[in-house]
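The values are calculated or read from the model by the stated rules, or taken from the named source; none is laboratory data. These figures come from a predicted structure and were not determined experimentally. Here the Cβ positions follow ideal geometry from the backbone for every residue, glycine too, while neighbour counts run over all protein chains shown. Remember, those area values only see protein heavy atoms, side chains included, never the ligands or the DNA or RNA. Shrake-Rupley method; radii C 1.70, N 1.55, O 1.52, S 1.80 Å.
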Amino acid sequence: MDHGIFIGGGGADYAQPQQLLLKYANRHGLIAGATGTGKTVTLQILAESFSAAGVPVFLSDVKGDLAGLSQAGSESAKLHIPFTERAARIGFVDYAYRAYPVTFWDLYGQKGHPIRTTVSEMGPLMLARLLELTEAQEGVLNIAFRVADEEGMALLDLKDLQAMLTFVGEAGDALSLRYGNVAPASIGAIQRRLLVLEGQGGDRLFGEPALSLDDLFLTDPSGAGRINILAADQLMQSPRLYATFLLWLLSELFETLPEVGDPDKPKLVFFFDEAHLLFDDAPKALVDKVEQVARLIRSKGVGVYFVTQNPADVPEDILGQLGNRVQHALRAFTGKDRQDLRQAAQNYRDNPRFDIEDAIREVGTGEAVTSMLERKGAPGMAERTLIRPPSSHLGAISDGARAAVIAASPLAGKYDRLIDRESAFEILQARAAAAAHEAEKAEAAAARAEDEAREFTAARRYSAGDAPAKTRRKSSARSDSVGAAFAKSFARQLGTKSGQAVVRGILGGLFRGR
């Protein structure tokens, strides 16, 4: 097993070792099966094995039970005897309990280190999908990003984007001549979507310090790869935010990492749990981009493993690129279920000892039909495999144990404090204040000039303070320039309740077109 990781025992008596070769681990994979068939345990033992081989891992903890990777299993656990019996049956002679180096992350900053990106890094394409914008609204969002670039204004958090949209809306007439129609209705619709996102906690995703990708590639002093666990039990309440964030992270890895060719083992393994959320209602352009990432990112040393209930959840073009497969049981109650089962069986290399379709239907909990890439990257023959037991704790951990892991993390304190440096919001606020001040000066100068002209005509001398208020107001109205009018309007906007919401509000990688 020096060049592979032990998955479990196959063959007629489960005594034939099944392994995933590290050299081909970056050729992606699939873990599929119905609820309760053992997908989570398979994900856990793969994460353990990659970590032990010195490969960092990133995964999301959807149900809260993968945090047990940070704690060693126990002989007092109720599954101790079944686990040891299974290990003996499949020939797992090195089975022992141990903990693994874990880094906890949490978008909300409650169950791990805060994990953030900036609005600019996320980019307009993924933001448009996150906000479920129409084509016209996405066009306006692209204009906002373009103007921010041309004006040198950084879009870091939500309040920056909200302020930039207000600026684009106020200058819509001028911008429409250059970029196309900027409809106030589209601006309003985007702002409303941003408020909804903010209410769902999405504002915590954007800001600084942004995630440094290098922090996902850490190892412990013994050389074991750190397992990065994203707390996603709360995040899953906003499934589009969950899927968009993971896709952004994957695209950032694709854009940032250098080509490494054909490494002996991956630089990072990325598990995408609940993968169907990535493809549900996704436009074809986005699915094409995911396919491109899946096809090319392996040359950068990253293996991507999709975890889902049914292989049919993954588009066929992407499914064809997943070389390593673990298929737990599928239920077939309806005609569509039987069709999906038949399609899943067709993705495996036939084994003369059994019918694959029957095997996928009949395998028990903790058992799966597996196929791993063999020498020269050829697909291995399908095999009924009894998955090895985990060495770490199976299930959730206490809040105290989690807090201890977070405190001992090498990243403790690095991301805790939010930084709010000068960006689009502050720049636009300063411009509005300066323009308003200049407008007041111009208004006063015009009023003085009119008074002097009247004095000359009437041979009388009036001070600016003595001029009738009605005359001053009339003069003011005539002297307002376009810039002054915008400044006043923008300043008034910042003073309203919606403007206060802008002040309170705080994915771009593969899609960097702004």
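The set of residues in the stretch 348-366 being surrounded by fewer than 20 Cβ atoms within 10 Å (Cβ to Cβ) and either in a loop (DSSP other than H, G, I, E, B) or among the polar types (S, T, N, Q) (or both) consists of 350, 351, 352, 353, 354, 355, 364, 365, 366. Please specify each residue of the stretch 289-329 satisfying the condition of being of a type in the set (Val, Ile, Thr) and either within 28 Å of residue 364 (Cα to Cα) or in a strand (DSSP E or B) (or both). Listed by number, the residues that qualify are 302, 304, 307, 308, 314, 318, 326.
If the condition is being open to solvent by 10 Å² or more (accessible area, probe 1.4 Å), under 22 Å from residue 11 (Cβ atoms) and not in a strand (DSSP E or B), then the stretch 367-387 contributes 372, 374, 375, 378.
Inspection of the stretch 30-50 finds no residue satisfying the criterion of being modelled with pLDDT under 95, of a type outside the set (Asp, Glu) and within 21 Å of residue 223 (Cα to Cα).
A quick yes/no check of all residues on (1) within 12 Å of residue 120 (Cβ to Cβ); (2) among the charged types (D, E, K, R):
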site: 144; (1), (2): yes, no
site: 147; (1), (2): no, no
site: 155; (1), (2): yes, no
site: 160; (1), (2): yes, yes
site: 165; (1), (2): no, no
site: 169; (1), (2): no, no
site: 172; (1), (2): no, no
site: 177; (1), (2): no, no
site: 180; (1), (2): no, no
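Among the conditions (1) in contact with a Pro (Cβ under 7 Å, 6 or more places away or on another chain); (2) under 30 Å from residue 115 (Cα atoms); (3) charged (D, E, K, R), the only one that residue 426 does not satisfy is (1).
Report, by residue number, each residue of the stretch 1-42 that is aromatic (Phe, Trp, Tyr) and touching a Phe, Trp or Tyr at 6+ places or on another chain (Cβ under 8 Å). Answer for the stretch 1-42, where residues must be aromatic (Phe, Trp, Tyr) and touching a Phe, Trp or Tyr at 6+ places or on another chain (Cβ under 8 Å): just 6. Taken together, the residues in the stretch 45-77 that are closer than 22 Å to residue 302 by Cα, over 19 Å from the mean Cα position of the chain (by Cα) and open to solvent by less than 10 Å² (accessible area, probe 1.4 Å) amount to 8. Condition test on residue 334, is it at pLDDT below 90, surrounded by fewer than 22 Cβ atoms within 10 Å (Cβ to Cβ), of a type in the set (Ser, Thr, Tyr) and over 23 Å from residue 8 (Cα atoms)? Criteria met by residue 334.
Taking every residue in the stretch 350-375 that is more than 17 Å from residue 7 (Cβ to Cβ) and pairing it with any residue that is among the basic types (Lys, Arg) and open to solvent by 20 Å² or more (accessible area, probe 1.4 Å), at least 6 positions away or on another chain, the pairs with Cβ-Cβ distances below 7 Å are 354/384; 357/342. Just one of (1) under 24 Å from residue 401 (Cα atoms); (2) of a type outside the set (Asp, Glu); (3) surrounded by fewer than 24 Cβ atoms within 10 Å (Cβ to Cβ) fails for residue 42. It is (3).
Count of the stretch 173-211 residues, restricted to those that are buried (at least 17 other Cβ atoms within 10 Å of the Cβ), assigned to a loop (DSSP other than H, G, I, E, B), under 19 Å from the mean Cα position of the chain (by Cα) and not small (Gly, Ala, Ser), is 1. Checked against the criterion of being modelled with pLDDT under 85 and crowded, with 17+ Cβ neighbours inside 10 Å, the stretch 416-434 contains not a single residue that satisfies it. On inspection, residue 93 qualifies as in contact with a helix residue (DSSP H, G or I) (Cβ under 9 Å, 6 or more places away or on another chain) and exposed (fewer than 15 other Cβ atoms within 10 Å of the Cβ). Can you pull out the residues in the stretch 96-155 that are surrounded by fewer than 18 Cβ atoms within 10 Å (Cβ to Cβ), modelled with pLDDT of 95 or more and hydroxyl-bearing (Ser, Thr, Tyr)? The one that is surrounded by fewer than 18 Cβ atoms within 10 Å (Cβ to Cβ), modelled with pLDDT of 95 or more and hydroxyl-bearing (Ser, Thr, Tyr): 97. Can you find a residue that is under 21 Å from the mean Cα position of the chain (by Cα), open to solvent by 30 Å² or more (accessible area, probe 1.4 Å) and among the β-branched types (Val, Ile, Thr) anywhere in the stretch 14-33? Checked against the condition, which is being under 21 Å from the mean Cα position of the chain (by Cα), open to solvent by 30 Å² or more (accessible area, probe 1.4 Å) and among the β-branched types (Val, Ile, Thr), the stretch 14-33 yields no hits at all.
Among the residues here, residue 323 does not qualify as modelled with pLDDT of 90 or more, under 18 Å from the mean Cα position of the chain (by Cα), surrounded by 15 or more Cβ atoms within 10 Å (Cβ to Cβ) and small (Gly, Ala, Ser).
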